[in-house]
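The block underneath contains the structure these notes are about, expressed in structure tokens.
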Amino acid sequence: MNLRARFHDLQSLLTAHAALWRPSPFHLGRPPWCAERPALAAALEALDDATVEHFGDDAEACSAWLATQLPELADLAAACRVADLPTRELPACDARFDDGIPGRKRMQIEAFARHIPAATTAVLEWCAGKGHLGRRMALADRVPVSSLEIDPALCADAVRLASRQGVDQHVVCADVLDESARSHVRGRAVLALHACGELHRSLVRRADRDGAQAYRIAPCCYHLGTDGVYRPLSRDARLELDASALRLAVTETVTAPRHDRLRLARDQAWKLGFIALRNALEGEAQRPFRPVPASWLTESFETFCRRLAAREQVVLPADVAWPHWETLGWQRRAAVRRFELVRHAFRRPLELWLVLDIALGLEERGFAVEIGRFCARALTPRNLLVLAERRAPASAAGTRAA
């Protein structure tokens, strides 16, 4: 099946099941589908905490269980199968290359590099950070590499590391979204490993004008840079996605350390406790609020709620039973986690739809495109890679054929 046919099939399935993935249990409590599917709601509420935790970590196990409740999800799972891309052998790096690179990041760089074709032209590393991927490609393919990064401190580190290893790597300190940055794209193979949101989409939007020879894009954080509404990249995209739906595609925490998971759990419970308190004071309603500063979670639940109430202009009574509302927040989190398992079954389908939108956007702008996986989900859930090669002009192709 070609990319466009897959895109249409996936889009049809997501549209048909929108009632299951669009409502957010976090904001609604019991999503509307509970009334239409009482058996499913009851089965979810009967799950014990250990099973919920397991399903949160193992998307395949969760999908398999949900398929017993929702047989139609089998079609969705089939539509989301993506093969691994071919690999190539890379020359080994000396031990100094690994200095200062976190282990998981180092493995992601190696996996990305092994699953892209050997560079035959100069390379541009997009949103480069300290330039680790660019250095790896310079060492592997012996081609000039430019690394584009906005943070001067990271640029300085990239220059130092390249010099220490004698790598032909030119570091450019610039904002990739600035018009002046586009001049660095022409004639190059552009590498973007987990460039977030509009940082990777901007490459696609300008692909017919920037003159790149190739793109290797592993996208990430699709919600960033959207102003709350997704602007499609390909002509057949019909799904309307808001920030909540875009975040859903990247909510997996399989690689998160334990302390991050515990912090997230408390963050959710405290927010839900505040929502319950506010609804008791002002009536039931869906009132999303802006992100909460991480520092607010370092003190007590009462302090957290008072700060949030002041920001949201909620008038608190003189006497609040804070332990009650905190306990209620944890109880609501337990319920929300169960209902969210249904929504989570649509994370990968939504992500694949977004990646196919990238692929078709590049195809429509003159590139031959393929997609595939470059690593296991355990290394990073954002393991989809788009490979695009500029197609030769028709006249040139005809000359070669003659």
Legend entry - Any chance ALA83 is in contact (Cβ under 8 Å) with a residue 40 or more places away in the chain, surrounded by fewer than 12 Cβ atoms within 10 Å (Cβ to Cβ) and touching a Lys or Arg at 6+ places or on another chain (Cβ under 9 Å): yes
Inset, instruction - Identify the residue in region 12-30 that is of a type outside the set (D, E, K, R) and touching a Phe, Trp or Tyr at 6+ places or on another chain (Cβ under 8 Å) and, among all such residues, is most open to solvent (accessible area, probe 1.4 Å). - result: ALA19
Legend entry - Unique match (being open to solvent by 10 Å² or more (accessible area, probe 1.4 Å) and assigned to a loop (DSSP other than H, G, I, E, B)) among LEU262, LEU224, LEU281: LEU224
Inset, instruction - Go through region 158-187 residue by residue and tally those that are more than 26 Å from the chain's Cα centre (by Cα) and of a type outside the set (A, V, I, L, M). - result: 12
Legend entry - Subset tally (residues that are basic (Lys, Arg) and in contact (Cβ under 8 Å) with a residue 40 or more places away in the chain) for region 293-347: 6
Inset, instruction - Report whether or not ARG338 is in a helix (DSSP H, G or I), open to solvent by 20 Å² or more (accessible area, probe 1.4 Å), within 25 Å of ALA79 (Cα to Cα) and out of contact with any strand residue (DSSP E or B) (no Cβ under 9 Å at 6 or more places or on another chain). - result: yes
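For every residue, the table says whether it meets (1) touching a strand residue (DSSP E or B) at 6+ places or on another chain (Cβ under 9 Å); (2) modelled with pLDDT of 95 or more; (3) open to solvent by less than 10 Å² (accessible area, probe 1.4 Å).
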position	(1), (2), (3)
VAL355	yes, yes, yes
ILE358	yes, yes, yes
ARG377	no, no, no
LEU385	yes, yes, yes
ARG390	yes, yes, no
Inset, instruction - Could you please find all residues in region 162-197 being of a type in the set (Val, Ile, Thr) and under 13 Å from GLY211 (Cβ atoms)? - result: VAL185, VAL190
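The values are calculated or read from the model by the stated rules, or taken from the named source; none is laboratory data. This one's a predicted model, so the numbers in the text were calculated from it and none came from an experiment. All Cβ positions, glycine included, derive from the backbone under ideal geometry; neighbour counts span all protein chains shown. All accessible areas refer to the heavy atoms of the entire protein, side chains included, with ligands and DNA or RNA removed. Shrake-Rupley method; radii C 1.70, N 1.55, O 1.52, S 1.80 Å.
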